Amino acid sequence: MVSGEGADAQPGRVVLVTGASRGIGLACVEWFLANGDRVAGTYRGEKEPAAPGDPEWAGRFLPVRCDVTDPGDVERAFSEAEAAFGPVEVLVSNAGITRDTLVLRMGDDAWDDVLATNLTGGFRVAKRAIAKMLRLRRGRIIFVSSVGAFVGLPGQANYAASKAGLVGMARAMAREVASRSITVNVVAPGVVDTDMTAELGEGRLQALGEMVPLGRAGTAAEVADAIGYLASDGAGYITGSVLAVDGGLGMGL
Ligand code: NDP
């Protein structure tokens, strides 16, 4: 459990999660709401998502529309979260896409789209969060990378580059902001049961699952548990680290 230190005496911390409409992002929203925090979750569609889970959480959940590839959207999303709850104390940069294909078939658009969302989008939201965290003199930033950054699966040159880029970026940022008690860490999930992996098809998913020492795909909730830990008081001395949540797939990545 984490103590609430909001400037405005409301309970819990202010958390912003990108890509919160489903999968790992939605699981993070649920984790932080269950922890008593106030959570802004970004979505892209026309329809504003309902507050997830327990009805008691509704007053502490704010859906904010944001495409992380659009600087104006990012600014608006943070401004809305700040107006409702106060400055963001925990950022989970989770929004991500794949556009898998072998390198000789990979057009510049597939490369650019994946880098723009997964890496530049992460840079953009972290930069916006850090501006306020520096003044607060505290903060937690967690980037969602992937085991693919380290093992380099075929068909994922763009994705692997974007997810490996997050690690270098997080470490540079971690050094820049450490003196203000802001930590910057990375979670590297393996095969997690979400829409993203469903796209791979049954055969490839099964083959990947068989490579996992723990013998199964992970759940979004298990990734959220690791992210919640990195945001907790107990993780105050951890920065610039990469936490694998992969059932042993990367084994020492
Ligand atoms: P999903 O495809 O289930 O969800 C992706 C989320 O990202 C959705 O909320 C989606 O919004 C959002 N998103 C995509 N593009 C943008 C954008 N430009 N701006 C804002 N939001 C965007 O994926 P997962 O939950 O599985 O993945 C979450 C993260 O975890 C990703 O970064 C992924 O790379 C990473 N990961 C996933 C693994 C897995 O096995 N599932 C393994 C390793 C890493 P919308 O609903 O509008 O499309």
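The values are calculated or read from the model by the stated rules, or taken from the named source; none is laboratory data. Treat the numbers as computed from the prediction; the structure is a model and nothing was measured. Note: ideal-geometry Cβ built from the backbone for every residue, glycine included; neighbour counts use all protein chains shown. These accessible areas exclude ligands, DNA and RNA; they are computed on the full protein's heavy atoms, side chains included. Shrake-Rupley method; radii C 1.70, N 1.55, O 1.52, S 1.80 Å.
Its Cα centre serving as origin, the chain has a Cβ charge dipole (Lys and Arg +1, Asp and Glu -1) of approximately 840 debye.
Here is how the number arises for the chain: DSSP H runs of 4 or more residues each give -39500 (n - 2.57), the sum is divided by the residue count, and the result at 222 nm is -12000 deg cm²/dmol. With the convex hull of its Cα atoms as the shape, the stretch 17-69 has an orientation-averaged projected area of 3.3 nm². With N the number of residues in the stretch 78-221, Rg(Cα) / (2.2 N^0.38 Å) evaluates to 1.15. Remark: relative contact order (the chain) = 18 percent; criterion is Cα-Cα distance under 8 angstrom and separation of 6 or more residues. A simple packing score, the average count of other Cβ atoms within 10 Å per residue, orders the peptides 33-41, 196-204 as 33-41, 196-204, with the highest score first. Per-atom-type breakdown for the stretch 1-141 gives carbon and sulfur 53% of the accessible area (1.4 Å probe, protein chains only).
Taking 0.36 nm per intervening residue step and subtracting the Cα-Cα distance, what contour gain separates Arg22 from Arg135 on full extension? Write out the running numbers ahead of the final one.
Numbers: separation 113, 0.36 × 113 = 40.68 nm, distance 3.17 nm.
Here the segment from Arg22 to Arg135 would lengthen by 37.5 nm.
Overall, the ratio between the Cα radius of gyration of the stretch 135-197 and 2.2 N^0.38 Å, rounded to two decimals, is 1.30.
Based on the Cα atoms of the chain, what semi-axes does the equivalent ellipsoid have, where each is the square root of 5 times one gyration tensor eigenvalue, given in whole Å with the largest first? Could you put the intermediate results ahead of the total?
On the way: eigenvalues 158, 71, 70 Å².
Largest first, the chain gives 28, 19, 19 Å.
For the stretch 156-253, the alpha-carbon coordinates run over 48, 29, 24 Å along the three principal axes, in decreasing order. Bridging of Lys163 to lysines at a Cα separation below 28 Å is possible for Lys127, Lys132, once same-chain residues fewer than 8 apart are set aside. Full extension of the chain segment joining Ile238 with Glu199 gains 10.7 nm, where the gain is 0.36 nm per residue of separation less the Cα-Cα distance.
Simple point charges give the picture: +1 on the Cβ of Lys and Arg, -1 on the Cβ of Asp and Glu, and for the stretch 186-238 a dipole about the Cα centre of about 140 debye. Helix 71-85 against the longest principal axis of the chain: what's the angle in degrees, Cα atoms only, rounded to the nearest 10? Long axis of 71-85 versus the principal axis of the chain: about 40 degrees.
For the chain, the longest principal axis of the Cα atoms and the long axis of helix 220-230 meet at an angle of about 50 degrees. In the P(r) worked out for the stretch 60-127, what percent of Cα pairs fall beyond 16 Å? Across the stretch 60-127, Cα pairs with separations above 16 Å total 52 percent.
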